[in-house]
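Taking it in order: structure first as structure tokens, then the write-up.
The values are calculated or read from the model by the stated rules, or taken from the named source; none is laboratory data. Note that this is a predicted model, so its numbers are computed, not measured. Here Cβ is always computed from backbone atoms with ideal geometry, including for glycine, and neighbour counts include all displayed protein chains.
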Amino acid sequence: MLTEEGVSDAKTIALRTTGVHPGRDHDCGRHHRVACRTRDSQFHQSSQGISRKRVVNDARQIDAAINAWALEVNASDGTAVDLAQAAQYTKSGAINPNDALGNPYLIGLVGGTQTAVSAATKLALAGVAIDWGAY
């Protein structure tokens, strides 16, 4: 049976030999660096995938709100978009002009290119498989 002092010594030995502290999340010691890099890379790709989905879905919602507003006010192609009015056609009643990465959505005139994702966001998410579609 180990005493409290013995437990401390066992943890110290484990930490020195493996780089992993027993009972804690490991800290990417020398034997686990590759596994940590892989895990961190997978997390980064996963978070990029979530950001990508959010950016595209938000762009679709903004586009749909602008379409609904344009139909309601009989706006023709080339009409300037009133985001405050278009926001009334979203579930929340508001349109966030920035995407999940903090870059502004590009809002043009009513028509085929009325909503677009910024080039900075597309560049930041370039490593993720994505179909930007019309955005």
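Quick look at the values:
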{"quantity": "Which numbered condition Asn57 fails, given (1) among the polar types (S, T, N, Q); (2) assigned to a loop (DSSP other than H, G, I, E, B); (3) exposed (fewer than 13 other Cβ atoms within 10 Å of the Cβ)", "calculated": "(2)"}
{"quantity": "Residues of region 117-135 that turn out to be over 27 Å from Ala75 (Cβ atoms), part of a helix (DSSP H, G or I) and not aliphatic (A, V, I, L, M), as a count", "calculated": "1"}
{"quantity": "Among the candidates Ala64, Ala59, Ala100, Ala75, residue that is of a type outside the set (S, T, N, Q) and over 21 Å from Ile130 (Cα atoms)", "calculated": "Ala75"}
{"quantity": "Among residues of region 83-123, those that are among the aliphatic types (A, V, I, L, M) and without any contact (Cβ under 8 Å) to a residue 40 or more places away in the chain, counted", "calculated": "11"}
{"quantity": "Ala94 being at pLDDT 95 or above and either assigned to a loop (DSSP other than H, G, I, E, B) or surrounded by fewer than 16 Cβ atoms within 10 Å (Cβ to Cβ) (or both)", "calculated": "yes"}
{"quantity": "In region 79-135, the residues that are among the hydroxyl-bearing types (Ser, Thr, Tyr) and over 18 Å from Ala64 (Cβ atoms)", "calculated": "Ser118, Thr121"}
{"quantity": "Qualifying positions in region 99-116 - in a loop (DSSP other than H, G, I, E, B), surrounded by 16 or more Cβ atoms within 10 Å (Cβ to Cβ) and small (Gly, Ala, Ser)", "calculated": "Ala100"}
